[in-house]
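The values are calculated or read from the model by the stated rules, or taken from the named source; none is laboratory data. This structure is a prediction, so every number in the text was calculated from the model and none was measured. Heads up, the Cβs are rebuilt from the backbone with ideal geometry, glycines too, and the neighbour counts pull from every protein chain shown. When the accessible area is computed, the model is the full protein with side chains, heavy atoms only, and any ligands, DNA or RNA have been set aside. Shrake-Rupley method; radii C 1.70, N 1.55, O 1.52, S 1.80 Å.
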Amino acid sequence: MFAIGVDGLDETSARLDALPTALCAALAAKAAELSAALADRVKNDKLMGGVLNPRSGALRDSILAEVSATGDAVLGAVGSFGDVKYAAIQEYGGRTAAHEILPSKAHALAFVAGGAQRFARKVEHPGSLIPERSYLRSSLEEMSDEIASSLAAKAAEAWARS
């Protein structure tokens, strides 16, 4: 009869069993840090004159970072959260539909056309072609190498600790 004994097998098995939980926690923490950095780049670079100039600040204020960890998956998301209707058309470009413009605070609209002051009860707007002004995708592209290398380093660090 032949028998082999392995010292530390139970300890090694326990360490390997704990690895997915430790790895997920480490990656979630790093993803939160990276998502916040990406949101800051969008807000403080792209939406402060880098791609778009601020008017009301609503688009900038709608940019948030979220991280969720479920089971063995970690998801980091940065985007416009809220009711900023023009967020997508600024990011991807597109055409607005023809629409009627009515006065909201007076009985007539006032504007300058052809060098003269004009007044109208309504204006038929033909729609607009809005060019793409990527503020989210371009920021992600700029940070993609940093994000990938930081997550890989964090995973290697978690593996080395196990």
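The single condition from (1) part of a helix (DSSP H, G or I); (2) in contact with a Phe, Trp or Tyr (Cβ under 9 Å, 6 or more places away or on another chain); (3) free of Cβ contacts under 8 Å to residues at least 60 places away in the same chain that LEU47 fails is (3). Within the stretch 118-129, does at least one residue satisfy the condition of being under 24 Å from LEU47 (Cα atoms), touching a strand residue (DSSP E or B) at 6+ places or on another chain (Cβ under 6 Å) and part of a strand (DSSP E or B)? Yes, the stretch 118-129 has at least one match.
Quick check on the stretch 102-116. Is at least one of its residues in contact with a Phe, Trp or Tyr (Cβ under 6 Å, 6 or more places away or on another chain) and either touching a residue at least 24 places away in the same chain (Cβ under 8 Å) or assigned to a helix (DSSP H, G or I) (or both)?
Just the residues of the stretch 102-116 that are in contact with a Phe, Trp or Tyr (Cβ under 6 Å, 6 or more places away or on another chain), to begin with: 108, 110.
Among the residues that remain, those that are also either touching a residue at least 24 places away in the same chain (Cβ under 8 Å) or assigned to a helix (DSSP H, G or I) (or both) are: none.
No.
Of the residues making up the stretch 71-92, just one is open to solvent by 40 Å² or more (accessible area, probe 1.4 Å), charged (D, E, K, R) and touching a residue at least 40 places away in the same chain (Cβ under 8 Å), namely ASP72.
Please find, among LEU136, LEU59, LEU75, the residue that is within 30 Å of ALA148 (Cα to Cα), of a type outside the set (Gly, Ala, Ser) and touching a Gly at 6+ places or on another chain (Cβ under 7 Å). Only one candidate qualifies: LEU136.
Looking only at the stretch 93-123, how many residues end up being loosely packed, with under 10 Cβ neighbours inside 10 Å and not polar (S, T, N, Q)?
To start, the set of residues in the stretch 93-123 that are loosely packed, with under 10 Cβ neighbours inside 10 Å comprises 97, 100, 104-107, 112-117, 121.
Now drop any that are not not polar (S, T, N, Q), which leaves 97, 100, 105-107, 112-116, 121.
Final tally of qualifying residues: 11.
No other residue among SER134, SER150, SER139 is open to solvent by less than 80 Å² (accessible area, probe 1.4 Å), touching a residue at least 12 places away in the same chain (Cβ under 8 Å), touching a helix residue (DSSP H, G or I) at 6+ places or on another chain (Cβ under 7 Å) and not in a helix (DSSP H, G or I) apart from SER134.
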